[in-house]
1. Looking at segment 50-91, which trypsin sites (Lys or Arg not before Pro) are in a loop (DSSP not H, G, I, E or B) and have at most 12 other Cβ atoms within 10 Å?
2. Figure the gain on full extension for Asn150 and Thr174 (residue separation times 0.36 nm, minus the Cα-Cα span) and round it to one decimal in nm.
3. Would you rank Leu181, Leu171, Leu134, Leu100 by solvent-accessible area, highest first, keeping every protein chain in place and using a 1.4 Å probe?
4. With every protein chain in place, what's the accessible area of Asp98 (1.4 Å probe, Å², nearest 10)?
5. Top to bottom by accessible area (1.4 Å), largest first, where do Met182, Met139, Met46 land?
6. Taking all protein chains together and a probe of 1.4 Å, list Phe136, Phe143, Phe75 from the most accessible to the least accessible.
7. Ser77's amide H: which non-local residues (gap 5+, or another chain) put their own amide H closer than 5 Å, with H modeled 1.01 Å from N in plane and none for Pro or chain starts?
8. Give me the number: length gained by fully extending Glu103 to Ser87, i.e. 0.36 nm times residue separation minus the C-alpha to C-alpha distance, one decimal in nm.
Amino acid sequence: MFVEILNAGEPLSVWDGVTSNPVTVTVAYRVTPGRAADFHSWGWAMLGATARQPGFLGGGVLVDGGAEWHVVYRFASEGSALAWEKSPSRAQWDARLDGLAQEAARRRVPGARAWFEAQTLTPAPPAPPSKWKLWFVNMSAVFPPVLLFNLTVLPYLGDLNALIRTLLLCLCVTALVTWILMPRLQRFFRKWLYPSLQALRGRHKRRAM
């Protein structure tokens with residue numbers, strides 16, 4: 001597990017502005033396979049919107065291995081936290097999770113210092129994969145169905161218009177890539193695509209031992 005912290009008003013300390021009755025909210029999400037990077041971007045964008053709310057003190061995104069992720073945010077009071085959670089803006093952010101992740105659990109803890117002291121802080125989110133790595137994964141997903149389609153289907157479609165043949169090829173290949181091949185390849189190449197993410201997990205595990 002690792003955590004990245006967003007402070008309200010950098011470069012303040014994590015503890016600046018803490019009141020006598022802050023509340024820390026931890027929301028667990030089960031992320032759709034192959035959509036971890038998208039959820040990571042959603043989590044930080046949502047926290048960016050949260051940072052503009054009255055009473056916001058800080059937050060972060062946690063990876064707990066597998067498909068479960070956590071978004072944590074801290075407010076100066078229970079009332080300010082509830083005001084954000086019940087706001088139309090938060091409802092719009094939650095609506096963007098459709099097909100990306102599902103909320104699994106929610107926990108509210110008065111105070112925050114003990115929880116944040118137990119975590120490993122990192123200054124910034126992991127860098128996105130290199131373009132050549134993305135090209136390689138995309139090619140690995142596209143080439144097999146294109147080859148299979150050309151060998152097994154196109155010979156029987158010789159009488160069809162070239163436009164229709166191309167359309168059928170695109171429809172079949174994009175469907176296979178989107179719903180079958182790409183999610184599996186992203187999981188298979190996850191450590192290679194996001195080495196910084198794996199390094200952060202490894203450092204946390206070593207410190208926890």
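1. Details: sites: Arg52, Arg74, Lys86, Arg90; in loops: Arg52, Lys86.
Hits after loop and neighbour filter: Arg52, Lys86.
2. Details: separation 24, 0.36 × 24 = 8.64 nm, distance 1.45 nm.
Full-extension gain reported as 7.2 nm.
3. Details: Leu181 50, Leu171 100, Leu134 75, Leu100 10 Å².
So, going from the largest accessible area down, we get Leu171, Leu134, Leu181, Leu100.
4. 140 Å²
5. Values: Met182 30, Met139 90, Met46 0 Å².
Per-residue accessible area, sorted high to low, gives Met139, Met182, Met46.
6. Heavy-atom accessible area, descending, gives Phe143, Phe136, Phe75.
7. Val23
8. Contour length minus the Cα-Cα distance gives 4.0 nm.
The values are calculated or read from the model by the stated rules, or taken from the named source; none is laboratory data. Treat the numbers as computed from the prediction; the structure is a model and nothing was measured. A quick note on method: Cβ atoms are made from the backbone with ideal geometry, for glycine too, and the neighbour counts reach across all protein chains shown. We work out accessible area using only protein heavy atoms, side chains counted, and drop any ligands, DNA or RNA first. Shrake-Rupley method; radii C 1.70, N 1.55, O 1.52, S 1.80 Å.
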